[in-house]
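In what follows, a single structure is set out as structure tokens and then discussed.
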Amino acid sequence: QVQLQESGPGLVKPSQTLSLTCTVSGGSITTSYYAWSWIRQPPGKGLEWMGVIAYDGSTYYSPSLKSRTSISRDTSKNQFSLQLSSVTPEDTAVYYCARVIVVVTTITGTVALDAWGQGTLVTVSS
């Protein structure tokens, strides 16, 4: 069964770039019709969808984060990554990677997720 695991630094300085990698096993990130997303949850707040990279490499981002967010992939390693630039303490959160079911998402207009990583806490602090 597909498994996802986040990795990267747990502490980032303000104004720097937050970088995380999601390693996928048990399934290919190029398999139709799935996409691969990043979601975060700040302390005491709800989940926030950040963006996604689809099986064909196309990307989509939350409007509120689009200017600072970049999602990329390395198909040879079966990994996809998140880069969030110009971070502030408000970017402190648990960051999750997750798989998206493209067909359900398209029909309902709501992001449908069927597999998650365990999450990793990233703290932005000087």
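The values are calculated or read from the model by the stated rules, or taken from the named source; none is laboratory data. Small disclaimer: the values here were computed from a predicted structure and weren't measured. No Cβ is skipped: glycine too gets one built from the backbone with ideal geometry, and neighbour counts run over all protein chains shown. These area figures cover heavy atoms from the full protein model, side chains too; ligands, DNA and RNA do not enter into them. Shrake-Rupley method; radii C 1.70, N 1.55, O 1.52, S 1.80 Å.
General remarks:
- Partners for LYS45 among aspartates and glutamates (Cα-Cα distance below 13 Å; same-chain residues under 8 apart left out): GLU90, ASP91
- Considering all different alpha carbon pairs of the chain, the Kirkwood hydrodynamic radius works out to 14.6 Å.
- Computed over the chain, the per-residue total of -39500 (n - 2.57) for DSSP H runs of n ≥ 4 gives a 222 nm mean residue ellipticity of -1500 deg cm²/dmol, rounded to 500.
- A full extension of the chain between TYR60 and GLN16 corresponds to an added length of 13.6 nm, given 0.36 nm per residue minus the alpha carbon distance.
- Cβ-based net charge around GLU90, under 15 Å, with every Lys or Arg adding one and every Asp or Glu removing one: +2
- Annotation for ILE107 and ASP74: the two label points, set 7 Å from Cα along the Cα-Cβ direction, are 3.6 nm apart.
- Accessible area, probe 1.4 Å, largest first, for residues VAL2, VAL122, VAL111: VAL111, VAL2, VAL122
- Segment 53-68 and segment 80-126: distance between their alpha carbon centers, rounded to Å: 11
- Straight Cα distances below 23 angstrom link LYS77 to none of the lysines, with same-chain residues fewer than 8 positions distant left out.
- A DSSP coil position with no more than 12 other Cβ atoms inside 10 Å describes the following trypsin sites (Lys or Arg not before Pro) in segment 36-126: LYS45, LYS77.
- Linear extension gain, ASP114 paired with SER32, 0.36 nm per residue minus alpha-carbon span: 28.1 nm
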